[in-house]
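Bear in mind these aren't lab numbers, they're just calculated from the coordinates by the rules spelled out. Since the model is a prediction, treat every value here as computed from it, not as a measurement. Please note: Cβ atoms are built from the backbone with ideal geometry, for glycine as well, and neighbour counts cover all protein chains shown.
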C-alpha cells in the first residue's frame, strides 16, 4: 500500500509513524509533513500545500496511492475529500458537508438538537449588542465560542460577565477573522472534559479508547486555551457502561442524523464531552478529524493495523473488520511548546536531545518542527509531543517527563502536571 497523510502536525507524524510500522504499507507520503516525518523510515515529505487539492490528486495518481488520510480540519472544511473522490482516490475523512460538524459550531449544535444528543443550552449571534444582552440576562460563568475554525483557540470560558463581553467584542472585532463573524454562547458545564474519537464508514461507528486532554496553557488548568498541552489514555473515568451510553446516546444518533441529511460521513467523529458530577455525558463539541494530541497517545496503544481500519472506513467495510484490538497498559503524552504560545512565539530555534529522549523507551512526535540543513528546528507553537507507555500512569508519565527533560530548544515550555488526575504523586 501507498498512503498519503495530509498535514504537518504531531497528529500527522503519529499517523505516519503508525502506518509505516505495518508490513503491507510500502510508502507513506506526508503533505507537507514536518521535521519528524522527514526522517521517518518508509516515509517522505512532498513539497505541496495541504490546500492544493488538485496538486495532491495529481501526486496521488502519479505515485499510485491507495488511500489519502486527511489530518487537519481546514482541508476537510474546504472540501479536499470531495475533490480527491472525484479523481477516484479513496479518502479517509468526511466531505465538506460532513466537516460542517466542526467548521460551524452553530450548525453542529442544531444537528445535536435534531438528533436529541445531550448538550449544553446555547444560542448563536451575529450581532454584538444582542450577544451582550444575552450574556447580561444569563450571567456568568458562561462560554463564548467563535462559530468557525480557530485552531482550538476560539473558546473562552468566562467566569465573569466582563470577561464574556470582552470575548464577544474581540470575536466581532476580527480576532478570529471570519471564524468570529458568528458566536455561539453556551451554558457553563461542570465536570471533567474527555475526548472520545470514533472511526466510521458512514454506517458502522466504533469508538477508540477514550482520552483526556489538558487544554489550558498553565499548570492547574489555568490561562488561555491551547490546541492541547498533554493527554493520557485510556481514561479510568469512562467505564464500559458509560462508553455504552456514549455509543447509544451520542455517536449513533449523530450518524443517523447525518445519514438522514444524505451526508456520507467517512472518517473520525470526535466527540468532546463533559462528564458531569452526576456521571452524565454531555457534548461540548464535535470535531471532524483525529484529535491532536489525543492521536499521539491513542495510536501507540492500537494493536489492529491502522491501515486496515482506515481503508475499511473509506470503502464502507468497517463492519467486516473484527473488534479493534488494543495493547495492554496506558499511554502518557506531554507537549513541549515554544515560549509565548498560544500567543506570539519565535521559530527557527535548533532542537537538541531528541535521540537521548528516544533512548528512554519513548516516542517523540514532531508537531511544529522543520528539517533544515540537516538540523531539526522549531517551526510552530506546539513543537513536540513526548509519548510513553507503561503498566500504570505513574510509570508512563515518569518516562515521558524524564525524556522531555532531555530535549532542549530556546524558551522550551511544558506543563509538569499533565495527568494529575490519574497520577499518584
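Structure data summary
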quantity	calculated
GNM flexibility winner over the chain from 237, 299, 384 (Cα, springs under 10 Å)	237
Between the range 321-381 and the range 70-85, the alpha-carbon center distance in angstrom	25 Å
Segment residue 359-residue 175, length gained on full extension (0.36 nm per residue, minus Cα span)	62.0 nm
Rounded to 5, percent antiparallel among DSSP beta bridges of the chain	80 percent
Efficiency of FRET from Cβ geometry, residue 159 and residue 82, R₀ 45 Å, rounded to 0.05	0.65
Burial ranking of peptide ranges 284-296, 261-273 (average Cβ count within 10 Å, highest at the top)	284-296, 261-273
Neighbour-count ranking [beta-carbon atoms within 10 angstrom, fewest first] of 157, 231, 283	157, 283, 231
Label-zone membership for the range 182-217, site residue 134, 7 angstrom Cα→C-beta point, backbone N under 16 Å	182-189
Whether the range 282-425 is rounded, prolate or oblate, judged on the alpha carbon gyration tensor where a/c under 1.5 counts as rounded	prolate
Max mean-square fluctuation residue, GNM over the chain, Cα-Cα springs under 10 Å, options 248, 84, 67	248
Peptide ranges 110-118, 91-99 listed from the most packed, as the mean C-beta count within 10 angstrom indicates	91-99, 110-118
Inter-probe distance in nm under a simple model that places probes 7 Å from Cα toward Cβ, at residue 423 and residue 121	3.9 nm
Pair residue 245, residue 222: separation of 7 Å Cα→Cβ label points (nm)	3.3 nm
Debye intensity ratio I(q)/I(0), log10, the range 330-413, q values 0.10 Å⁻¹ (C-alpha model)	-0.23
Spin-label zone in the range 105-129 - amide nitrogen under 15 Å from a point set 7 Å from the Cα of residue 276 along the C-beta vector	117-122
Net lengthening on full extension, residue 347/residue 317 (0.36 nm per residue, minus Cα-Cα)	6.5 nm
Burial order of peptide ranges 331-344, 407-420 (average beta-carbon count within 10 Å, highest first)	331-344, 407-420
Kirkwood Rh, angstrom, the chain [1 / mean 1/r, Cα pairs]	21.7 Å
Within the chain, helix-based [θ] at 222 nm, where runs of 4 or more DSSP H residues each add -39,500 (n - 2.57), nearest 500	-8000 deg cm²/dmol
Additional length obtainable on full extension of the chain from residue 410 to residue 264, 0.36 nm per residue less Cα span	48.0 nm
